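These notes concern the structure reproduced below.
The values are calculated or read from the model by the stated rules, or taken from the named source; none is laboratory data. Everything numeric here is computed off the predicted structure, so don't read it as measured data. Glycine gets a Cβ as well: all are built from the backbone with ideal geometry, and neighbour counts include every protein chain shown. Please note that ligands, DNA and RNA were not included when accessible areas were found on the heavy atoms of the full protein model with its side chains. Shrake-Rupley method; radii C 1.70, N 1.55, O 1.52, S 1.80 Å.
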Amino acid sequence: MKPVQVVTLWWVLLLVSRLGAARKGSPEEASFYYGTFPLGFSWGVGSSAFQTEGAWDQDGKGPSIWDAFTHSGKGKVLGDETADVACDGYYKVQEDIILLRELRVSHYRFSLSWPRLLPTGVRADKVNKRGIKFYSDFIDALLKSNITPIVTLHHWDLPQLLQVKYGGWQNGSMVNYFGDYADLCFEAFGDRVKHWITFSDPRTMAEKGFETGHHAPGLQLHGTGLYRAAHHIIKAHAQAWHSYNSTWRAKQRGLVGISLNCDWGEPVDISSPKDIEAAERYLQFCLGWFANPIYAGDYPQVMKERIGKKSVEQGLDMSRLPVFSLQEKSYIKGTSDFLGLGHFTTRYITERNYPSRQGPSYQNDRDLVELVDPNWPDLGSKWLYSVPWGFRRLLHFAQTQYGNPPIYVTENGVSQKLHCTQLCDEWRIQYLKGYINEMLKAIKDGANIKGYTSWSLLDKFEWEKGYSDRYGFYYVEFNNRNKPRYPKASVQYYEKIITANGFPNPREVESWYLKALETCSINNQMLAAEPLLSHMQMVTEIVVPTVCTLCVLISAVLLMLLLRSQS
Ligand SMILES: *[C@@H]1O[C@H](CO)[C@@H](O)[C@H](O)[C@H]1NC(C)=O
């Protein structure tokens with residue numbers, strides 16, 4: 001056993017005893033709330049370009065940092081998988097729109113691939129007309145099916161040339177390059193797209209890209225790189241918003257926001273001021289890091305204090321957290337027409353003071369430990385425990401911290417641990433039911449939630465996890481060259497929530513569940529027949545042509561022999 005695991009185990013045990021003491025009779029999960037969502041509430045599913053499109057070098061697309069990262073050799077991604085083909089979504093637009101219609105969603109959230117539109121990343125170099133046409137046709141097809149596109153400009157796939165030439169998000173020149181790219185998108189698609197998300201989960205982009213190195217570009221610039229990247233991302237977001245606001249808003253009348261992901265942080269001991277502070281710090285270092293500049297004009301006070309103090313103790317003459325000038329603060333403040341929120345799970349938080357001399361790191365700066373309750377169900381990814389009540393608390397936090405902004409839930413969902421061909425995803429159904437219900441409660445609490453995006457439409461390339469974590473409503477058979485999609489039971493269940501706009505009454509909701517599970521076993525049989533189909537595909541594509549060729553050759557030889565014997 002590695003020491004990290006020992007430490008974790010020890011903390012888990014400690015947590016159990018402390019939770020037992022601190023939470024006797026606390027109303028963790030109040031009863032299920034039957035009711036419906038406000039009229040016009042928008043239901044959708046989401047995805048991102050790199051995770052689904054494939055066609056990584058087709059029709060003039062340039063490489064992204066994720067193409068380079070996945071191609072760069074062993075050990076970066078589980079099973080050394082790439083997303084060169086992924087779900088083959090680039091060639092399956094019509095097919096996937098049928099799935100969206102089957103789900104009866106009112107919106108679809110997807111991202112544009114920056115290097116598909118600008119192969120070098122720079123607008124002045126070259127605009128890829130075929131990239132423009134691909135997304136333009138896709139948007140038209142969605143609208144024709146009455147599905148509102150919610151379009152993310154940047155979901156982690158930075159053009160590789162910007163990384164090579166400038167160091168990507170470490171370099172301030174990204175702000176203008178992103179601004180130019182955003183402007184191109186507003187110009188090309190803004191007549192039809194009315195909901196824009198500048199960045200998706202920039203915290204993970206910064207932390208995994210520049211602190212842990214688990215994501216592209218794979219750098220480990222502990223305690224500095226992530227803050228610098230985030231600084232430039234926030235400025236780039238603001239620039240895109242201003243460009244929309246001054247040039248396009250009057251004509252296009254859309255909304256521009258950002259999508260921030262954060263788990264809920266609950267104090268281990270709700271009677272301990274230190275734990276309460278640590279949990280607050282967890283949220284400020286997660287959500288506040290990006291939301292506070294955008295809603296209040298600067299980084300959270302607690303980040304400025306902690307990182308500043310630790311930087312001095314580490315012998316630096318200035319804070320590792322960059323500083324916004326007065327001008328920048330007022331330029332950034334108020335640059336979101338809505339708040340996009342992504343949320344998956346919850347952590348218990350307790351204080352832990354790390355000595356500054358350990359050296360700079362995000363972990364060291366936060367002075368806290370994240371814990372989980374071993375009683376939480378974790379049937380999906382290892383980190384993803386189902387804790388629905390945390391969602392309501394996060395929504396309430398966002399509502400009160402940022403002046404009750406319009407909120408779009410931009411990501412929420414769960415993966416499956418099972419590798420087998422399992423379409424009866426009761427686990428996802430329970431998660432959906434619990435989390436959507438807590439969102440309904442948050443609306444009753446007064447949160448201004450406009451829409452919900454379940455994550456995600458398809459099983460897809462899950463970054464460093466390869467294809468091992470399946471988040472999709474639709475199962476994708478990645479081993480099959482055609483990447484066929486199969487509906488899981490949750491498709492029916494979510495479709496029922498959407499059609500009823502919530503949870504009308506216990507009898508009906510229970511019947512959805514039973515119906516969904518009935519259908520999935522039939523679909524399971526379809527999927528089980530799939531290996532046979534791909535076998536037949538091999539027969540038609542390899543065996544038949546080979547046999548035919550051989551027949552022709554043999555006939556020719558026989559004919560020659562026949563002719564010889566006659567002469
Ligand atoms: C940004 O990139 C330019 C061009 O390569 C370079 O001159 C500059 O030093 C870079 N800035 C930083 C902070 O890396």
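Observations
- Once exposed loop GluC sites (Glu not before Pro) are cut out (DSSP; at most 16 other Cβ, 10 Å), longest piece of the chain: 30-567
- Sum of side-chain charges, residue 151 neighbourhood, beta-carbon under 11 Å (Lys, Arg +1; Asp, Glu -1): +3
- Cα centroid separation, segment 139-165 to segment 227-245 (Å): 17 Å
- Segment 284-313 and segment 421-471: distance between their alpha carbon centers, rounded to Å: 29 Å
- Heavy-atom SASA rank of 103, 379 (probe 1.4 Å, accessible area, largest first): 379, 103
- Where 469, 445 fall by accessible area, highest first, once all protein chains stay in place (1.4 Å): 445, 469
- Annotation note: trypsin sites (Lys or Arg not before Pro) in segment 334-382 located in DSSP loop regions with a Cβ neighbour count of at most 16 within 10 Å are 352, 382.
- Cα centroids of segment 51-92 and segment 173-195: 23 Å apart.
- For the chain, accessible area per residue (1.4 Å probe, heavy atoms of protein chains only), Å²: 42 Å²
- With K and R counted +1 and D and E -1, the other residues having a Cβ less than 13 Å from that of residue 325 yield a net charge of +1.
- Checking the Cα-Cα distances for 144/194; 382/496; 194/251; 92/133 against a 18 Å cut-off, the pairs over it are 382/496.
- Accessible carbon and sulfur surface of the chain relative to its total accessible area, %, 1.4 Å: 58 percent
- Evaluated at q = 0.10, 0.17 Å⁻¹: base-10 log I(q)/I(0), Debye formula over Cα of segment 92-235: -0.38, -0.94
- Taking every C-alpha pair closer than 8 Å and separated by at least 6 residues, the mean separation divided by the residue count of segment 33-555 gives a relative contact order of 16 percent.
- Among beta bridges that DSSP assigns inside segment 33-555, antiparallel share in %, nearest 5: 25 percent
- When the residues 173, 31, 555 are ordered by accessible surface, computed with a 1.4 Å probe over the protein chains alone, the sequence from largest down reads 31, 555, 173.
- Each helix, a run of at least 4 DSSP H residues, gives -39500 (n - 2.57); summed and divided by the residues of the chain, these come to -14000 deg cm²/dmol at 222 nm.
- Ratio Rg/Rh [Cα only; Rh per Kirkwood] for the chain: 1.02
- Sum of side-chain charges, residue 249 neighbourhood, beta-carbon under 11 Å (Lys, Arg +1; Asp, Glu -1): +2
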